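So the structure is just underneath, and the comments pick up after that.
The values are calculated or read from the model by the stated rules, or taken from the named source; none is laboratory data. Because the structure is predicted, anything quoted here is derived from the model rather than measured. Positions of Cβ are generated from backbone atoms using ideal geometry, with glycine treated the same way; all protein chains shown enter the neighbour counts.
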Amino acid sequence: MNPMQQMVIQMQKTQRELQKAHAELEAKEFKTNKAGLVDITVMGSKEIVSIKIEEDGFEPDNKEMIEELIRDGLNELFEKIDAEAASIDEKIAGKQGGFGF
């Protein structure tokens, strides 16, 4: 097998590993709790699974705070998902010599 064939085979293997790892990431649940009032669960695909608000959060004076907690919680989870995706890419593609996947 010539070097070009070996490189193509290695690139295909790396791509399969990346696809598998990203599929696993998309199926993983990420959770956060903000201020003990808001629980948020998001899939690695960034699909929102649930947002639960504790009864204390339903006080009229808490409306703005609850909205901020939900926004902050979602942003936090999306950042975690993005960081994990980048880590997967670096771990798999980086160890293969970085084919730019």
Do we find that Ile88 is of a type outside the set (D, E, K, R), surrounded by 16 or more Cβ atoms within 10 Å (Cβ to Cβ) and at pLDDT below 95 in this structure? yes
Inside region 1-27, can you point out the residues that are under 14 Å from Ile81 (Cα atoms) and in contact (Cβ under 8 Å) with a residue 40 or more places away in the chain? Ala21, His22, Leu25
Select from region 21-59 the residues that are exposed (fewer than 15 other Cβ atoms within 10 Å of the Cβ), outside any strand (DSSP E or B) and small (Gly, Ala, Ser) and write down the one among them that is farthest from the chain's Cα centre (by Cα). Gly36
Test of understanding: among Gly57, Gly44, Gly73, which residue is free of Cβ contacts under 8 Å to residues at least 40 places away in the same chain and either of a type outside the set (S, T, N, Q) or at positive phi (or both)? Gly57
